[in-house]
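Student: Can you read through this structure? Questions will come right after.
The values are calculated or read from the model by the stated rules, or taken from the named source; none is laboratory data. What you are looking at is a predicted structure, and each value in this text was computed from that prediction instead of being measured. Surface accessibility is based on the protein's heavy atoms, side chains included, excluding ligands, DNA and RNA. Shrake-Rupley method; radii C 1.70, N 1.55, O 1.52, S 1.80 Å.
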Amino acid sequence: FWQVYVPERFAERHGLAAGDAHAECFRRYNAVHGTLAWYCVDYWSEALNLDIVRLKEEVAHLIAVHPDVPEFLAAARAAGKRVVMVTNAHHKSLALKMRRTGLAAHFDALYSAHEFGLAKEQPDFWDRLAEREAFVPARSLLVDDSLPVLRSARAYGIAHLRAVYTPDTRQATRDVADFAAIHRFSDLMPIG
């Protein structure tokens, strides 16, 4: 979406060559990477003069559930675990994903980092989350596709961290640095 589709639509909207539009989008992306603005569809709608929510809806057919996710979430809940989604996604993006996947019913709570005013990469995020969602870092599992988020969670003390080798199942396996990682959510089962 951000790598190809948005630059294409930005080029169309502003009458730019594809390469120029791509370079300009990435210049703007890099300026706010790792901040809450990076994840904010309202920010990008204004910054790029594009209706980002509408564009996301145009490609919503590409939203898919990773293999074994419903089974993993059901097993976690059946094992008595509290299952919470904590995402940097803007609440409008999150709502679209939940409508497309039907996964909301598998969670005890859904939190967007926008509720806390900080991205998950930022150290103070975890304290703000803890004010709303009681959790014990030494007993918590966080599965995330972002290495900066995993580093931030590790610094906070979250003990059980897993990276995802293929956040986009249409892409190649990626480097996960020194984090344990999963190919599929069944890699985390059985849950005890």
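Student: If I compute solvent accessible area with a 1.4 Å probe over the protein chains, what percent of it on the stretch 117-192 is carbon and sulfur? Working shown, then result.
Tutor: On the way: 2120 of 4340 Å².
Summing carbon and sulfur atoms, their accessible area is 49 percent of the total for the stretch 117-192.
Student: Express the Stokes-Einstein translational diffusion coefficient of the stretch 31-125 in µm² s⁻¹, to the nearest whole number, given a Kirkwood radius over alpha-carbon pairs, 4 °C and a viscosity of 1.567 mPa s. Please list the in-between numbers first.
Tutor: Working: Rh = 14.7 Å.
Calculated translational D: 88 µm²/s.
Student: Separate question: List the lysines whose alpha-carbon lies under 24 Å from that of residue 81, not counting same-chain residues fewer than 8 positions away?
Tutor: Straight-line reach from residue 81, under 24 Å: 97, 120.
Student: Then there is this: Per the 1.4 Å probe, what fraction of the accessible area of the stretch 22-99, in percent, lies on carbon and sulfur atoms?
Tutor: Working: 2230 of 4000 Å².
The computed percentage sits at 56.
Student: For the chain, what does the accessible surface come to per residue with a 1.4 Å probe? Please give it in Å².
Tutor: Details: 10400 Å² over 192 residues.
The answer is 54 Å² per residue.
Student: How large is Rg over Rh for the stretch 1-66, taking Rg from the Cα atoms and Rh as the Kirkwood inverse mean of 1/r across Cα pairs? Please report the intermediate quantities before stating the final value.
Tutor: Details: Rg = 11.9 Å, Rh = 12.3 Å.
Here Rg/Rh amounts to 0.97.
Student: Out of residues 5 or more away from residue 161 or on other chains, whose amide H comes under 5 Å of its own, with H placed 1.01 Å from N in the peptide plane?
Tutor: Distant-sequence amide H within range of residue 161: 142.
Student: Let me ask another. Just to check I understand the Karplus step: with θ = phi - 60° and J = 6.51 cos²θ - 1.76 cosθ + 1.60, what whole-Hz values come out for the stretch 81-88, glycine and proline as x?
Tutor: 7, 7, 10, 10, 9, 10, 10, 7
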